[in-house]
1. State the percent of C-alpha pairs, over all pairs in region 62-197, separated by a distance greater than 18 angstrom.
2. Please report the relative contact order for region 51-134, taking Cα pairs under 8 Å with a sequence separation of at least 6, and give it as a percent rounded to a whole number.
3. To test your reading of the geometry: what angle, between 0 and 90 degrees and rounded to tens, separates the Cα axis of helix 89-106 from the longest principal axis of the chain?
4. Two decimals is fine: what's Rg over Rh for region 13-59, C-alpha atoms, Kirkwood radius as Rh?
5. Can you tell me the orientation of helix 186-197 relative to the chain, as the angle in degrees between its alpha-carbon axis and the longest Cα principal axis, to the nearest 10?
6. Please identify, among 166, 125, 41, the residue showing maximal mean-square fluctuation in a Gaussian network model of the chain using a 10 angstrom Cα cutoff.
7. At a threshold of 8 angstrom on Cα-Cα distance, excluding pairs fewer than six apart, so keeping six or more, what relative contact order does the chain reach in percent?
8. FRET efficiency for residue 115 and residue 95, Cβ-Cβ distance as r, R0 = 22 Å, nearest 0.05?
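Every number in this text was worked out from the coordinates using simple rules, so none of it is lab data. Not measured: the values here are computed from a predicted model. Counting neighbours? That spans all protein chains shown, and the Cβs are built from the backbone with ideal geometry, glycine included.
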């Protein structure tokens, strides 16, 4: 009996050669992260059936991949915070800021990551080692610009500078336990940012 050709296997559904793509890596890493598993690059490459060299070529580094995973979660949190925020001017910006901070800190997979890998978590969340910080700053810049154009906010600083400062304040107070070992203080982040906005 002759062996079926690859074409025959495809036509009968016996073969599925779907090509793995970089977005598949993000989805697999995100699944692992949400289940509370360590995002291990060797295991990820094996799961997807690609070589380690290919994996690193696609994602850069583990920190960069984790940054993309966290951004995929942060982006949803920011969209929800914007949709729920009420008010005008500084009150609206602060509502988005506070709701987003609450969502991030209360996200259980992120809390597990912070407990399991504190140094890596600090690097990925608060430095240029990953895309997360830059994208959060860009989003808050856009929020400030929208508040300035449509919601009556008058700014003392340009939106880019203020967004960067706001994000750094949030990082400092929300992740104080990682930086200094003290308890985080979301209320202080809110109060300091309120002073900058009003």
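1. Tail fraction, whole percent: 52.
2. Over region 51-134, the number comes to 37 percent.
3. The answer is roughly 40 degrees.
4. That ratio equals 1.00.
5. Helix 186-197 sits at roughly 60 degrees to that axis.
6. The residue with the greatest mean-square fluctuation here is 41.
7. 18 percent
8. It comes out at approximately 0.15.
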